[in-house]
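J.: Take a look at this one; I'll ask things after.
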Amino acid sequence: MIDELKQDAAERMAKSIEALGRAMNKIRTGRAHPSILEAITVSYYGSETPLSQVANISVVDARTLAISPWEKNLVEDIEKAILKSGLGLNPASAGEVIRIPMPPLTEETRKGFIRMARQEAENSRVSVRNIRRDVLSDFKELLKEKEITEDEERSAQEDVQKLTDRYIREVDEALAEKEKDLMEI
């Protein structure tokens, strides 16, 4: 029972780290990377479809992305979706190919993106701590029901705390990496 709870906690904490990774990918650095456009959806035959499923996204150079839609009539819809995304990108279409130049980051925008990254990291830390709290309350419940001993509970709490510390460290490392990327010129 204890092992199942610890395993569940580990899986949920790992999912928090994955979510942090996706959130960090959405925060753009000065370099062009296809993951920046991951969150963009395009209206495709009446349903919202991820951009990566209706077009090929490639990196032309360090500061330019190219999008090649699989259908010509999607060019305008893709441009509108990118403009509405709030990423601060200005697509330029040249026939069937949409080019997206990455504007250089100013000091002010870098600091804003770092604030966003720190907020995402804090949200992940809170998520990991909430998972720890839930599991510890489950241990207390098992102890109250006399299904485990106090020693087993204490040992399980220590294990969960070590797990929590490990995932919090991963969050901090991801944040440090993102801050380093954002401060590179």
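Coordinate-derived values only; no laboratory data. Everything numeric here is computed off the predicted structure, so don't read it as measured data. Methodologically, a virtual Cβ is constructed for each residue, glycine included, from the backbone with ideal geometry; neighbour enumeration extends over all protein chains shown.
J.: If the elastic network links every pair of Cα atoms under 10 Å, which of G21, G86, G46 fluctuates the most in the Gaussian network model of the chain?
T.: Its mean-square fluctuation being the largest, the pick is G46.
J.: Then there's this: In a GNM of the chain with a 10 Å cut-off on Cα contacts, which of S58, S124, S47 has the highest mean-square fluctuation?
T.: Its mean-square fluctuation being the largest, the pick is S47.
J.: How far is the Cα center of the range 141-156 from the Cα center of the range 1-59, in Å?
T.: 38
J.: Right, something else. Around S68, under 15 Å between beta carbons, what's the net of Lys plus Arg minus Asp minus Glu among the other residues?
T.: -3
J.: Moving on. How big is the dipole moment of the chain about its Cα centre under a simple scheme where the beta carbon of each Lys and Arg is +1, that of each Asp and Glu is -1, and everything else is neutral? Debye, nearest 20, please.
T.: Dipole size: approximately 860 debye.
J.: Given K6/K111; K72/K180; K26/K140; K84/K111; K6/K180; K72/K111, which pairs have Cα atoms separated by over 31 Å?
T.: Exceeds cut-off: K6/K111; K72/K180; K26/K140; K6/K180; K72/K111.
J.: Between helix 75-84 and the chain, what is the angle of the helix's C-alpha long axis to the longest principal axis, kept within 0 to 90° and rounded to the nearest 10?
T.: The angle comes out near 50 degrees.
J.: Between the helical axis of 150-183 and the dominant principal axis of the chain, each derived from Cα atoms, what acute angle in degrees is found, rounded to the nearest 10?
T.: Here the helix axis deviates by roughly 20 degrees.
J.: Using helices alone, what [θ] at 222 nm do you get for the chain, with -39,500 (n - 2.57) per DSSP H run of 4 or more residues, divided over all residues and rounded to the nearest 500?
T.: The helix contribution divided over the chain gives -20500 deg cm²/dmol.
J.: Quick one: grab the alpha carbon gyration tensor of the range 94-157, order the square roots of its eigenvalues as a ≥ b ≥ c, and give me rounded if a/c is under 1.5, else prolate or oblate depending on whether a/b is larger than b/c.
T.: prolate
J.: Could I ask something else about it? Within straight cross-link reach of K144, meaning Cα distance under 15 Å, which aspartates and glutamates are found once same-chain residues fewer than 8 apart are removed?
T.: E152, E153
J.: Give the residue from G95, W70, S43 lying farthest towards the positive end of the charge dipole for the range 34-101; charges sit on Cβ (+1 for Lys and Arg, -1 for Asp and Glu) and the dipole is referred to the Cα centre.
T.: So the residue we want is G95.
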